[in-house]
């Protein structure tokens, strides 16, 4: 079975090169020097080139590349794509920095480095008077030629850089991936994504009897720089009151009156969102001692125990003592507690499928050792508070997860945490994702409220009834339009191979 990749068309092909470049430090890529097509190198005669490999060849190829990194740097030049081919280095840097993220609004240097490894090839090219022409595609429609030049990007995001070397009728090319980011305090804004979010809530009265004095409360997101900007909020019905709850969350209160047996009511709210894909700049977070935070009056309430976030319970305190040990730096404490949850807690897919919304205390979750996002967030908040790190429980909409669905719709919202680190501020932490601590945030979690919904009585449907309560159905739908999930590149090697195997099975 063969797997086909189409340059510039297949997103899998682009993801492949993104993974390859990640293995070689993101900012370097080899460009194959032109050779005559009779030597086995396929001449690029069209803007679309077809490359065909078996799955086994690709896996072996990537294994060789991952072990070849050391030799690549030592040699100064090398070929990561075909053995025994001639190559030069594509080098991309900003202010001498060749790794990490480049900053928007500042010049990026592109250049070709290295010498021809084979003197005979150089002589042959001189005799035929074939000069090498280096052509660059900068990933945003801009083209350049030459061995060295500078260019400035003004929009954050991922850019696929293609360098083509041409001599006469022969040509070859290489691809590298760079991240261009916007610096905002201690954040690197890697990209900003615009979309429209729709939330729909439906209440059906199955009877017998009527639901009377029905009300509904829906949490509404607000602009929080630099993470999210909200605009053009539209509600149907338009008869509602905007209110603020005890935690400072904005919500819309609807007064729906009576819902007779067999009838239903629906509420829809749409809003435009501009949301940031970001990464924490760990290297500039200054480390202090945890004890310094407790003196801040504003943070004090996020250190207190609550009904479910029972941070003062003995099981939670014992767990923190064992995990943290003698560590005093808040950043490292938060990381240890994060890893503890990831290593000792499993996602409960059965509860998620059954939409089991039962609440458990953090101390109980230590024993259960499994749960949904709601439980992850409760447990991590309790552990952090017990370690004297202010922690919030945050609710909202998982934009990335929704856009990953075929119908761009989910029936569940999402929860995560925010923790406070000295000299930095509040940092979003999504423990449910079980990635590395403070890894790049590609989830695009839209924050709509703070605090546990079951402890806030203003939200959801409420009603009164006579005699026997009617049977009812409640449904919630979260939808996203206008965003392409393929523009976000959070791909691991395992995800890549899973995708390849799925494609192989389909063919």
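The values are calculated or read from the model by the stated rules, or taken from the named source; none is laboratory data. Predicted model only: the values in this text are computed from it and were never measured. Glycine gets a Cβ as well: all are built from the backbone with ideal geometry, and neighbour counts include every protein chain shown.
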Quiz item: Does any residue of segment 369-390 turn out to be surrounded by fewer than 19 Cβ atoms within 10 Å (Cβ to Cβ), more than 16 Å from residue 476 (Cβ to Cβ) and over 18 Å from the mean Cα position of the chain (by Cα)?
Solution: yes
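A quick yes/no check of all residues on (1) in contact with a helix residue (DSSP H, G or I) (Cβ under 7 Å, 6 or more places away or on another chain); (2) at pLDDT 65 or above:
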| site | (1), (2) |
| --- | --- |
| 465 | no, yes |
| 476 | no, yes |
| 489 | yes, no |
| 495 | no, no |
| 500 | yes, no |
| 506 | no, no |
Practice problem: For residue 360, indicate whether it is in contact with a strand residue (DSSP E or B) (Cβ under 9 Å, 6 or more places away or on another chain), in a helix (DSSP H, G or I) and touching a residue at least 40 places away in the same chain (Cβ under 8 Å). | Solution: no
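Per-residue answers, yes or no, for (1) at pLDDT 75 or above; (2) surrounded by 14 or more Cβ atoms within 10 Å (Cβ to Cβ); (3) part of a strand (DSSP E or B); (4) touching a helix residue (DSSP H, G or I) at 6+ places or on another chain (Cβ under 8 Å):
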| site | (1), (2), (3), (4) |
| --- | --- |
| 88 | no, yes, yes, no |
| 91 | yes, yes, yes, no |
| 100 | no, yes, no, no |
| 108 | yes, yes, yes, no |
| 117 | no, yes, no, no |
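Every residue, every condition in (1) surrounded by fewer than 13 Cβ atoms within 10 Å (Cβ to Cβ); (2) closer than 24 Å to residue 330 by Cβ; (3) modelled with pLDDT under 55, yes or no:
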| site | (1), (2), (3) |
| --- | --- |
| 256 | no, no, no |
| 268 | no, no, no |
| 271 | no, no, no |
| 275 | no, no, no |
| 282 | yes, yes, no |
| 285 | no, yes, yes |
| 288 | no, yes, yes |
| 293 | no, yes, yes |
| 296 | no, yes, no |
Exercise. Would you please name the residue that is surrounded by the fewest Cβ atoms within 10 Å (Cβ to Cβ), looking only at residues in segment 137-168 that are free of Cβ contacts under 8 Å to residues at least 24 places away in the same chain and not in a loop (DSSP other than H, G, I, E, B)?
Key: 143
Practice problem: For segment 205-222, enumerate the residues that are surrounded by 17 or more Cβ atoms within 10 Å (Cβ to Cβ) and over 22 Å from the mean Cα position of the chain (by Cα). | Solution: 205, 210, 211, 214, 216, 217, 218, 219, 220
